[in-house]
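J.: I am attaching a structure below and will ask some questions about it afterwards.
The values are calculated or read from the model by the stated rules, or taken from the named source; none is laboratory data. Just so we're clear, the structure is a prediction, and the values are computed from it rather than from any experiment. Reconstructed Cβ throughout: ideal geometry from the backbone, glycine too, with neighbour counts over all protein chains shown.
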């Protein structure tokens with residue numbers, strides 16, 4: 001959101017991150033505002049939120065934009081958890097403390113991942129219509145906070161891929177994987193405004209939620225048989241949809257990029273090794289794998305290139321720094337090249353299957369598609 005929006009964003013984040021002086025300075029420098037939860041700070045720590053709510057109200061009165069994660073926690077699942085009361089308190093407090101404020105808009109945003117724990121995968125951001133806070137404040141009076149939370153909850157669910165029941169997540173994921181195979185994406189574009197991917201995934205999730213239990217059981221069994229067969233043969237679903245996806249052009253690019261990719265990988269090893277070490281030693285929950293790795297790698301690479309800048313300055317050679325930047329770019333090339341080689345291996349593995357094995361896999365896949373014909 002910070003990348004895509006023009007105005008600077010302020011964020012409400014876990015208050016226990018601000019306990020150390022250095023962290024407090026860095027986080028506040030990045031426009032982060034502490035919010036304290038019982039699970040982190042206990043009941044005694046909740047009193048600190050009065051200052052946080054006051055700071056948010058003051059910022060909103062100055063037309064600042066604040067990003068709030070209203071669920072109040074992070075979990076790796078396609079489900080909207082109950083919203084906390086903090087957002088309603090901030091909105092009501094803003095109108096009470098700044099009565100001349102004409103309007104305050106609450107914009108619901110759904111953030112949906114394909115594979116949140118992996119790099120270079122899709123994130124689908126769907127933004128809803130803004131909710132007018134003053135209308136709720138004036139019409140509902142004492143129940144304004146509850147009503148606002150209810151409206152926001154409904155609005156957010158409309159812009160999210162939601163699986164109602166945890167036991168249906170496996171079935172939904174199998175169907176989502178099959179749909180993604182039929183709309184494979186390449187290296188570019190990195191950013192797209194096309195709404196089709198999100199709409200397709202939401203349609204599948206909503207379809208699964210509507211199915212009777214008996215139908216879901218039969219479909220789950222069919223999916224399990226099919227995906228177990230793919231796993232046994234070490235191939236993926238897209239191999240059946242696009243058996244000849246990669247030709248000589250892809251092989252040529254893979255071969256040409258192999259050596260430069262390895263050079264870039266070796267150059268980028270020190271900062272990435274540090275980032276991976278921090279992630280592996282400090283993070284245990286899958287929800288934080290990607291964000292911690294991203295943040296630590298950004299910091300380590302910043303320090304890394306500053307060091308190369310100092311080396312270039314000492315050597316009185318700007319070519320040294322340009323060379324470091326080029327090698328850093330080759331590090332990204334190595335990621336793309338690794339993915340390409342991986343997919344080429346999958347394609348070769350599929351081609352080596354017997355005609356009978358391919359026909360059996362196609363039959364299993366078709367059985368699933370026939371069961372989901374009304375999707």
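J.: What is the residue count in segment 348-375 for residues that are touching a helix residue (DSSP H, G or I) at 6+ places or on another chain (Cβ under 6 Å) and part of a loop (DSSP other than H, G, I, E, B)?
T.: Adding up the residues that qualify gives 1.
J.: Those residues that are surrounded by fewer than 12 Cβ atoms within 10 Å (Cβ to Cβ) and either in contact with a strand residue (DSSP E or B) (Cβ under 7 Å, 6 or more places away or on another chain) or under 18 Å from residue 50 (Cα atoms) (or both), I need them from segment 9-25; list them, please.
T.: 19
J.: Considering only residues that are surrounded by fewer than 18 Cβ atoms within 10 Å (Cβ to Cβ) and assigned to a helix (DSSP H, G or I), which ones fall in segment 223-241?
T.: To start, the set of residues in segment 223-241 that are surrounded by fewer than 18 Cβ atoms within 10 Å (Cβ to Cβ) comprises 224-225, 228-229, 231-234, 241.
Hits for segment 223-241 are 224, 225, 228, 229, 231, 232, 233, 241.
J.: Residues 288, 321: which one is modelled with pLDDT of 95 or more, assigned to a helix (DSSP H, G or I) and touching a helix residue (DSSP H, G or I) at 6+ places or on another chain (Cβ under 9 Å)? Steps first, please.
T.: Working: 288 fails: modelled with pLDDT of 95 or more.
When all the criteria are applied, what remains is 321.
J.: Just the residues that are assigned to a helix (DSSP H, G or I) and either modelled with pLDDT of 95 or more or surrounded by 12 or more Cβ atoms within 10 Å (Cβ to Cβ) (or both), please, taken from segment 188-202. Walk me through it before giving the result.
T.: To start, the set of residues in segment 188-202 that are assigned to a helix (DSSP H, G or I) comprises 196-202.
Result: 197, 198, 199, 200, 201, 202.
J.: Could you count how many residues in segment 26-48 are more than 18 Å from residue 68 (Cα to Cα), at pLDDT 85 or above and loosely packed, with under 11 Cβ neighbours inside 10 Å?
T.: The number of residues fulfilling the criteria is 0.
J.: Just give me the residues in segment 87-117 being under 31 Å from the mean Cα position of the chain (by Cα), in a loop (DSSP other than H, G, I, E, B) and surrounded by 15 or more Cβ atoms within 10 Å (Cβ to Cβ), in sequence order.
T.: Of everything in segment 87-117, those that are under 31 Å from the mean Cα position of the chain (by Cα), in a loop (DSSP other than H, G, I, E, B) and surrounded by 15 or more Cβ atoms within 10 Å (Cβ to Cβ) turn out to be 104, 108, 114, 116.
J.: Quick test for you: out of 79, 134, 143, pick the one residue that is assigned to a loop (DSSP other than H, G, I, E, B) and at negative phi. I'd like the intermediate steps shown before the answer.
T.: Values: 134 fails: assigned to a loop (DSSP other than H, G, I, E, B); 143 fails: assigned to a loop (DSSP other than H, G, I, E, B).
After applying the criteria, what remains is 79.
J.: In segment 118-128, which residue that is in a loop (DSSP other than H, G, I, E, B) and in contact (Cβ under 8 Å) with a residue 60 or more places away in the chain is surrounded by the most Cβ atoms within 10 Å (Cβ to Cβ)? Spell out how you get there, then give the answer.
T.: Just the residues of segment 118-128 that are in a loop (DSSP other than H, G, I, E, B), to begin with: 118-122, 128.
From what is left, the residues that are in contact (Cβ under 8 Å) with a residue 60 or more places away in the chain are 118-120, 122.
Details: 118: 10, 119: 11, 120: 11, 122: 15.
Here the answer is 122.
J.: Still on this model: Go through the residues of segment 332-344 one by one and say whether even a single one is without any contact (Cβ under 8 Å) to a residue 12 or more places away in the chain and within 30 Å of residue 203 (Cβ to Cβ).
T.: So far as segment 332-344 goes, yes, one or more of its residues are without any contact (Cβ under 8 Å) to a residue 12 or more places away in the chain and within 30 Å of residue 203 (Cβ to Cβ).
J.: On to the next question. With the condition kept exactly as written, say whether any residue in segment 203-222 is within 18 Å of the chain's Cα centre (by Cα) and either surrounded by fewer than 18 Cβ atoms within 10 Å (Cβ to Cβ) or at pLDDT 95 or above (or both).
T.: Step one: of segment 203-222, the residues within 18 Å of the chain's Cα centre (by Cα) are 205.
Now restrict to residues that are either surrounded by fewer than 18 Cβ atoms within 10 Å (Cβ to Cβ) or at pLDDT 95 or above (or both): 205.
Scanning segment 203-222, I find at least one residue that is within 18 Å of the chain's Cα centre (by Cα) and either surrounded by fewer than 18 Cβ atoms within 10 Å (Cβ to Cβ) or at pLDDT 95 or above (or both), so the answer is yes.
J.: While we're here: Among (1) surrounded by fewer than 15 Cβ atoms within 10 Å (Cβ to Cβ); (2) free of Cβ contacts under 8 Å to residues at least 24 places away in the same chain; (3) over 27 Å from the mean Cα position of the chain (by Cα), there is one condition residue 81 misses while meeting the rest; what is its number?
T.: Tallying (1) surrounded by fewer than 15 Cβ atoms within 10 Å (Cβ to Cβ); (2) free of Cβ contacts under 8 Å to residues at least 24 places away in the same chain; (3) over 27 Å from the mean Cα position of the chain (by Cα), residue 81 fails exactly one: (3).
J.: Test of understanding: among 106, 90, 131, which residue is touching a helix residue (DSSP H, G or I) at 6+ places or on another chain (Cβ under 8 Å), touching a residue at least 40 places away in the same chain (Cβ under 8 Å) and farther than 29 Å from residue 190 by Cβ?
T.: Numbers: 90 fails: touching a residue at least 40 places away in the same chain (Cβ under 8 Å); 131 fails: touching a residue at least 40 places away in the same chain (Cβ under 8 Å).
Testing whether each residue is touching a helix residue (DSSP H, G or I) at 6+ places or on another chain (Cβ under 8 Å), touching a residue at least 40 places away in the same chain (Cβ under 8 Å) and farther than 29 Å from residue 190 by Cβ leaves just 106.
J.: Sticking with this one: Restricting attention to segment 231-275, which residues are more than 30 Å from residue 174 (Cβ to Cβ) and under 23 Å from the mean Cα position of the chain (by Cα)?
T.: Within segment 231-275, the subset more than 30 Å from residue 174 (Cβ to Cβ) is 248-249, 251-253, 255-275.
271, 272, 273, 274, 275 - these are the residues of segment 231-275 that are more than 30 Å from residue 174 (Cβ to Cβ) and under 23 Å from the mean Cα position of the chain (by Cα).
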